[in-house]
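In what follows, a single structure is set out as structure tokens and then discussed.
The values are calculated or read from the model by the stated rules, or taken from the named source; none is laboratory data. None of the values given here were measured: they were computed from a predicted structure. Note: ideal-geometry Cβ built from the backbone for every residue, glycine included; neighbour counts use all protein chains shown.
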């Protein structure tokens, strides 16, 4: 395969991928959220209607005091405001025309539409990029990324930050992938990439590792100008995050996270244990919930070329995405909450899914070269989609299983009593 020489797909194909994914995400007619996703639409409403980010006006969500925090400046979301900013297009038409505050249930649905739309757009961007990296593996990889990972079973099901964060990361990667045919074009692409990576950080702070990886890649290659422009582009979103954290929590660097009960001991999980849990545990493992991504292991040889100085410059975009994903995985593995709390699948690895998807696309091309291997690959794709489809159905079994975990009646490593089986069988009778 001659990497980085394939033409982009037709625009209508890319748009169609996004539309189809959005339709699938909405088809279950459920909002599947945990409390982390509740503030999303309220932050957007405050921004559009009142011009601020305060949640003081919404007593119906004050009971969720783990995510709606009190501060001297008033109640605010513990999480970065980027997810609320992402939801503003869905709230603006209502707020600008003087409509009353939507009900709590309506806010939940507005949050889901935000998550679904950004996740669908991220999947479309992935397809656009994957076709140029590994065209024969692009479609199966896109099906897995969009329908067979936590992007569908978590990010698209409520107002989570994961969908918008993944979208911004992919958009920044696509800007870096584009060939700078002139100095002016190169400047604009680097600035745009920095801004979109900065928006990812403003949405989900952990993705700062992706921005750092992009900058580090430019520095290692002595592309000093690109590194500086990435920083300049990211400056505004990063300043916005700094200002939000300083205003509400008097903690510019850590924000609401500094108030968590375990803030000083958050990074106490042995890395090997957390890594094993994130990759292979029965109730959180990436390769358990998305087994088709195992094909990505066959793409690691090709991926090593993305880091070679002698390769095409645009492949540094892929190297940066892969490096940032590795760093985020390692960081999550050391966190005391590596399992991500109440969730279906490895939620904390959601932003790393595009890197795994590209590896899968390359691995599919390199490995699925015979009819038997293609059949195995197709079965893995179908299995991945099926496992995650189970996760977007009614969740009584999921909830009962997490209550058993809390009561220490089962664990993330239990083979028979795992969350997938619990979700399939539903809640046990009382």
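Of all residues in the range 190-209, which are surrounded by fewer than 23 Cβ atoms within 10 Å (Cβ to Cβ) and either closer than 24 Å to residue 131 by Cα or in contact with a strand residue (DSSP E or B) (Cβ under 8 Å, 6 or more places away or on another chain) (or both)?
Listed by number, the list holds a single entry, 192.
When you scan the range 236-243, do you find a residue that is touching a residue at least 12 places away in the same chain (Cβ under 8 Å), in contact with a helix residue (DSSP H, G or I) (Cβ under 9 Å, 6 or more places away or on another chain) and more than 25 Å from residue 77 (Cβ to Cβ), even just one? Walk me through how you get there before you give the answer.
Just the residues of the range 236-243 that are touching a residue at least 12 places away in the same chain (Cβ under 8 Å), to begin with: 236-238, 240-241.
Narrowing further to those that are in contact with a helix residue (DSSP H, G or I) (Cβ under 9 Å, 6 or more places away or on another chain): 236-238, 240-241.
Filter once more, keeping what is more than 25 Å from residue 77 (Cβ to Cβ): none.
Within the range 236-243 (the criterion being touching a residue at least 12 places away in the same chain (Cβ under 8 Å), in contact with a helix residue (DSSP H, G or I) (Cβ under 9 Å, 6 or more places away or on another chain) and more than 25 Å from residue 77 (Cβ to Cβ)), the answer is no, since none of the residues qualifies.
Across the range 341-390, what is the total count of residues that are in contact (Cβ under 8 Å) with a residue 24 or more places away in the chain, over 17 Å from the mean Cα position of the chain (by Cα) and in a loop (DSSP other than H, G, I, E, B)?
1
Could we say that residue 229 is part of a helix (DSSP H, G or I) and either buried (at least 19 other Cβ atoms within 10 Å of the Cβ) or without any contact (Cβ under 8 Å) to a residue 12 or more places away in the chain (or both) here? Spell out the reasoning first.
Working: part of a helix (DSSP H, G or I): yes; either buried (at least 19 other Cβ atoms within 10 Å of the Cβ) or without any contact (Cβ under 8 Å) to a residue 12 or more places away in the chain (or both): yes.
Spelling it out, residue 229 is indeed part of a helix (DSSP H, G or I) and either buried (at least 19 other Cβ atoms within 10 Å of the Cβ) or without any contact (Cβ under 8 Å) to a residue 12 or more places away in the chain (or both).
Tell me yes or no: at least one residue of the range 283-306 is at pLDDT below 95 and closer than 30 Å to residue 64 by Cβ.
No, that holds for no residue.
Considering only residues that are part of a helix (DSSP H, G or I) and buried (at least 24 other Cβ atoms within 10 Å of the Cβ), which ones fall in the range 37-67? Working first, answer last.
Initially, the range 37-67 is screened for residues part of a helix (DSSP H, G or I), giving 37, 39-50, 59-61.
Within the range 37-67, 37, 39, 40, 41, 42, 43, 44, 45, 46 meet the criteria.
Considering each residue of the range 283-314, count those that are part of a helix (DSSP H, G or I) and surrounded by fewer than 21 Cβ atoms within 10 Å (Cβ to Cβ), and give that number. Spell out how you get there, then give the answer.
Step one: list which residues in the range 283-314 are part of a helix (DSSP H, G or I), which gives 286-289, 291-307.
Applying the additional criterion that residues be surrounded by fewer than 21 Cβ atoms within 10 Å (Cβ to Cβ) yields 287-288, 291, 294, 297-298, 300-305, 307.
Counting residues in the range 283-314 that are part of a helix (DSSP H, G or I) and surrounded by fewer than 21 Cβ atoms within 10 Å (Cβ to Cβ) gives 13.
Restricting attention to the range 49-62, does a residue exist that is touching a helix residue (DSSP H, G or I) at 6+ places or on another chain (Cβ under 7 Å) and closer than 30 Å to residue 365 by Cα?
The answer is no, given that none of the residues of the range 49-62 is touching a helix residue (DSSP H, G or I) at 6+ places or on another chain (Cβ under 7 Å) and closer than 30 Å to residue 365 by Cα.
What residue, among those in the range 68-82 that are modelled with pLDDT under 95 and out of contact with any helix residue (DSSP H, G or I) (no Cβ under 6 Å at 6 or more places or on another chain), is surrounded by the fewest Cβ atoms within 10 Å (Cβ to Cβ)?
72
Checking the condition within 30 Å of residue 74 (Cα to Cα), at pLDDT below 95 and crowded, with 19+ Cβ neighbours inside 10 Å, which residue from 255, 265 passes? Before the answer, list the steps.
Details: 265 fails: crowded, with 19+ Cβ neighbours inside 10 Å.
Residue meeting the stated conditions: 255.
Which of the residues belonging to the range 395-430 are over 19 Å from residue 277 (Cβ atoms) and either touching a helix residue (DSSP H, G or I) at 6+ places or on another chain (Cβ under 9 Å) or outside any loop (DSSP other than H, G, I, E, B) (or both)? Before the answer, list the steps.
First, the residues of the range 395-430 that are over 19 Å from residue 277 (Cβ atoms): 395-397, 399-400, 403, 407, 424-430.
Correct list: 395, 396, 397, 399, 400, 403, 424, 425, 426, 427, 428.
Test each condition in (1) farther than 30 Å from residue 426 by Cα; (2) surrounded by fewer than 14 Cβ atoms within 10 Å (Cβ to Cβ) for residue 280 and report the one that comes out false.
(1)
Taking residue 33, is it more than 22 Å from residue 238 (Cα to Cα) and under 18 Å from the mean Cα position of the chain (by Cα)?
So residue 33 passes the test.
When you go through 403, 347, 395, 373 one by one, which is the residue that is surrounded by 15 or more Cβ atoms within 10 Å (Cβ to Cβ) and either more than 28 Å from residue 424 (Cβ to Cβ) or modelled with pLDDT of 95 or more (or both)?
Working: 403 fails: surrounded by 15 or more Cβ atoms within 10 Å (Cβ to Cβ); 395 fails: either more than 28 Å from residue 424 (Cβ to Cβ) or modelled with pLDDT of 95 or more (or both); 373 fails: surrounded by 15 or more Cβ atoms within 10 Å (Cβ to Cβ).
Residue meeting the stated conditions: 347.
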